[in-house]
Amino acid sequence: MTRALIVIDVQESFRARPLWETISDPKITDKVNRLVRLAREAGEPVVWVLHSEPGSADVFDPALGHVRLMEELERRDGEPLLHKTSHNAFTTTNLQQLLTERGIRELTVCGIRTEQCVETTARVASDLGYDVTFVVDATATNPIPHRDAPADLSVADLLADPRTLPADEVVRRTEYALAGRFATIATVEGLEAAARRPA
């Protein structure tokens, strides 16, 4: 197989933040697990990625114990688990080496957050020559505050601010930014249907 599934930052760090109550898909693990099963059925490798910020004293600091896969995820022993400290999954990991060693040229990407680490990984992968499929409904994100909003904005104030960009709009804009340039946009159901079609 020349394709791999990259699962990006579907980790407990996000559920440990008050902002989790605004997440666009609180059941993202269900869709990610469907993609994982689909990849395994096709004999495609699955690579898991976690975001880590050592020494930050926040939910992404491994010392606090939240930098781990969400417990519902169906990871198997032996599947690579990489820890990154950059937004994309390549710069601070050996992901490209792993993919090159396996002859991978096509990537399916999913995870948290849609417009941040998942989109950035898709863009870098495209620039590196990979054919990228961005599974938009197997990503999740939060509303984004306006650039002039206070840094310590509460969840209630974030949601009340008319300048806040809603999560569904973030996802929609991400699709527009990636489609036809950096990735093919897909859905879990669409990929499942394609896998069921006779060859």
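Here are some notes:
- Rolling a 1.4 angstrom probe over the protein heavy atoms with all chains in place gives the chain an accessible area of 49 Å² per residue.
- Using a probe of 1.4 Å, the accessible surface attributed to Asp131 totals some 80 Å² when neighbouring protein chains are kept in position.
- Euclidean distance between Cα centres, segment 111-134 to segment 2-78, Å: 15
- Whole-percent carbon and sulfur share, accessible surface of segment 61-107, 1.4 Å: 45
- In the chain, taking the dipole from charged Cβ atoms about the Cα centre, the farthest positive-side position among Ile185, Leu73, Pro145 is held by Ile185.
- Two-decimal log10 I(q)/I(0) for the chain, as the Debye equation yields it once each C-alpha is a single scatterer, q = 0.11 Å⁻¹: -0.49
- Two-site FRET efficiency, Thr85 against Leu128, from Cβ-Cβ distance with R₀ of 22 Å, rounded to 0.05: 0.70
- Paramagnetic reach from Tyr176 in segment 87-117 [backbone N under 16 Å; point 7 Å along Cα→Cβ]: 115
- Rg over Rh for segment 38-142 works out to 0.95, using Cα positions for both radii and the Kirkwood form for Rh.
- Backbone amide hydrogens, once placed in the peptide plane, bring Thr92 within less than 5 Å of Thr85, Ser86, excluding anything fewer than 5 places away on its chain.
- Residue order by solvent-accessible surface for Tyr130, Tyr176 is Tyr176, Tyr130, largest first, with ligands and nucleic acids left out and a 1.4 Å probe.
- Whether segment 27-80 is rounded, prolate or oblate, judged on the alpha carbon gyration tensor where a/c under 1.5 counts as rounded: prolate
- Net charge of Cβ neighbours under 14 Å - reference Gly43; Lys, Arg +1; Asp, Glu -1: +1
- Mean Cβ count within 10 Å, highest first, over the residues of peptides 82-89, 103-110: 103-110, 82-89
- Computed helical MRE - 222 nm, the chain, DSSP H runs ≥ 4 contributing -39500 (n - 2.57), nearest 500: -8500 deg cm²/dmol
The values are calculated or read from the model by the stated rules, or taken from the named source; none is laboratory data. Just so it is clear, the model here is predicted, and its values are computed rather than measured. Reconstructed Cβ throughout: ideal geometry from the backbone, glycine too, with neighbour counts over all protein chains shown. Areas reflect the complete protein model, heavy atoms only, side chains present, ligands, DNA and RNA absent. Shrake-Rupley method; radii C 1.70, N 1.55, O 1.52, S 1.80 Å.
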